[in-house]
Amino acid sequence: MTSAAGGVRVGLSEGAVRRPAPLLRPYVRSYQGYRLSGFDAGEHVGLPSDSITVILPFDRPLRVVRPAVADQAPGEFAALASGLGTAPVVMGHDGAEHGIQISFTPAGTRAVLGVPPAALGQWMVPLVDLLGSDAAEDTAECESPRLADVAARCGFYDQAHLAREWRALAGSAPSVWRRDEKFAFG
């Protein structure tokens, strides 16, 4: 890749994929964190998927240039849930992306999003439309939850169990990540 000045431009691509904790496996197929930076602005193709996917961007809304469903208009999403894809989706980017992608099982789609997978079809829906504005307000009001409370709400056996899984996913203890990560809660 070359820049407008003629020099070589090298982008940074980082990601982490982990197997869900045992208690989450009936609900979550996979989750992965991603960070891309230093690339030229452009588009990328999101491949079809046989599961319901939720994407939570950390820095800017997702820009959908061409949805999989012809009847759905392009748009921006602060967070989205995407249905069972049989066609690719074209996403625009400014050269950087950072967030988490979660793929749910049918049971997880019902338990977390409150709808059966077929209700989404191939559509992309703003996550707040599924979870409701109360969930968004609850999240905004949650200044700095105790890790023990987070562990209990997320189905971990205890805080130590959460800490082990977090260390495997993020490479550091939750308290260290929380202190150092500029996108962390609290």
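What FRET efficiency comes out for Ala118 versus Leu47 if R0 is 25 angstrom and r is the Cβ-Cβ distance? Round to the nearest 0.05. Don't jump to the answer; show the numbers that get you there.
Numbers: r = 20 Å, r/R0 = 0.82.
According to the calculation, E is roughly 0.75.
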Review point. In region 1-120, carbon and sulfur make up what percent of the accessible area (probe 1.4 Å)?
Key: 57
Revision key, fill the gap. In nanometres, the difference between 0.36 nm per residue of separation and the alpha-carbon distance of His161 and Ser175 is 3.7 nm
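State in Å² the accessible area per residue of region 1-111; use a 1.4 Å probe, count heavy atoms of protein chains only, and round to the nearest integer.
55
The values are calculated or read from the model by the stated rules, or taken from the named source; none is laboratory data. All of these numbers come straight from a predicted model, not from anything done at the bench. Virtual Cβ from ideal backbone geometry, glycine too; neighbours counted across all protein chains shown. Areas reflect the complete protein model, heavy atoms only, side chains present, ligands, DNA and RNA absent. Shrake-Rupley method; radii C 1.70, N 1.55, O 1.52, S 1.80 Å.
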